[in-house]
Amino acid sequence: MSAGYEALATKARAMYGRRLHAADLERISRMETIGAVLAELRQSPAWAPAAQALPEDQVLTRARLEDALRSQVRQEELRLMAFVPQGDRALMNFPVLRAELEQILAALRRLHASMSKELEKLPRKYLDKARVDLEGLHRCADFNALVEATRGSIYYATLDRLRGGETMPDYGVTEALLWSVYYRHMLRLIRRQYDGGTRRLLEQSVGSQVDMLNIMHILRLKRYFPQEDNLLPVLLPYHYKVRPAQIRAMCDAPDPQAVMELVEHTPYAAAFRGVAPEDLQNRYESVLYRLSRQQLRMGKPSVYTAVAYLNLREVELRALVSAVEASKYRQSLNPSLLQILAD
């Protein structure tokens, strides 16, 4: 076990020790003013920097809150990188690749809606690592310009194949294709650079996420777009423990209940059993949080220790945003959200 991984694990576990707990989320969700929420977060070791960046005299929208919280997570990722051995830096570039993808999709949504929206401001070190021309994305006025802004990135070839038509490519299909590029890239890196237990852990992390996301997409499409008869173009074309034949059977199923019956024959049966459609995302994040927490706390230190920590922070971020919204709109916090961060 290298000293570098020991130092990485020590740092990640110390950062995780400052996290929010389910009781903190519940308390935040019951606060009567946004000012009280911000005061609470400014005292929180987990989110004080983000809260201090939010002035109390402005309307706190979901977008502004999430941008501030995500900015803090990005800074934490950069600090954690200092503890990652040099040989793992390519894999640990995944937050930059995801940020590029999110910015491409935001620009694509803007073009589809013909409206401008301020994009997240990324840290300078993210900009230095990015292969996408992020300023070009901000300025692009058509799909061709968007594609050119991605030249040199892992996403360019896929986007380049989509241009040439008279209309914009379908957003849902484009999103699925780009996420496929991201996951294929990550899996190639894992298989090229790692072996043994570390490789198995990384493949499990990426592969199980893809499997569960595909099942979630199918369930949502069956519920909200039952008239759609070809779901495969908007699914991620990768399979880990769910066989292609099982995915095709789910796509051909007549309704969500029939899909759930098929899910019972997959390794994810327990994860989806009894979940309401509106709680699919929470259930997915609960599984991801539990697996990542187990690895961070008790797993052998490796590069996956850093991946696990960043998974935990992403899930905590989304749960916190939901708790703040519950406070803002005087709503009860979904109990399944509290289960995510339950110890």
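The values are calculated or read from the model by the stated rules, or taken from the named source; none is laboratory data. No experiment lies behind these values; they were computed from the predicted model shown. Don't worry about glycine lacking a Cβ; one is built from the backbone with ideal geometry, like all the others, and counts go over all protein chains shown. In case anyone asks, the SASA skips ligands and DNA or RNA and just uses the protein heavy atoms, side chains included. Shrake-Rupley method; radii C 1.70, N 1.55, O 1.52, S 1.80 Å.
In table form, for the structure just shown:
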item: Unique match (being touching a helix residue (DSSP H, G or I) at 6+ places or on another chain (Cβ under 8 Å), at pLDDT below 90, open to solvent by less than 20 Å² (accessible area, probe 1.4 Å) and aliphatic (A, V, I, L, M)) among A149, A176; result: A176
item: Residue list for segment 187-206, restricted to those being closer than 22 Å to V287 by Cα and either open to solvent by 10 Å² or more (accessible area, probe 1.4 Å) or polar (S, T, N, Q) (or both); result: G197, T198, R199, R200, L201, E203, Q204, S205, V206
item: Elements of type helices (runs of 4 or more DSSP H) in segment 1-116, at least 1 residues being touching a Phe, Trp or Tyr at 6+ places or on another chain (Cβ under 6 Å), at pLDDT below 90 and closer than 30 Å to S153 by Cα; result: 94-113
item: Only listed residue being under 21 Å from the mean Cα position of the chain (by Cα) and open to solvent by 70 Å² or more (accessible area, probe 1.4 Å), chosen from Q103, Q75; result: Q75
item: Test: R131 is under 26 Å from A308 (Cα atoms), free of Cβ contacts under 8 Å to residues at least 24 places away in the same chain and open to solvent by 70 Å² or more (accessible area, probe 1.4 Å); result: no
item: Any chance H239 is within 28 Å of M92 (Cα to Cα), part of a loop (DSSP other than H, G, I, E, B) and open to solvent by 20 Å² or more (accessible area, probe 1.4 Å); result: yes
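Every residue, every condition in (1) over 30 Å from V303 (Cα atoms); (2) open to solvent by 20 Å² or more (accessible area, probe 1.4 Å); (3) touching a Cys at 6+ places or on another chain (Cβ under 9 Å); (4) not hydroxyl-bearing (S, T, Y), yes or no:
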residue: R18; (1), (2), (3), (4): no, yes, no, yes
residue: H21; (1), (2), (3), (4): no, yes, no, yes
residue: I34; (1), (2), (3), (4): yes, yes, no, yes
residue: V37; (1), (2), (3), (4): yes, no, no, yes
residue: L54; (1), (2), (3), (4): yes, no, no, yes
residue: R62; (1), (2), (3), (4): yes, yes, no, yes
residue: N93; (1), (2), (3), (4): no, yes, no, yes
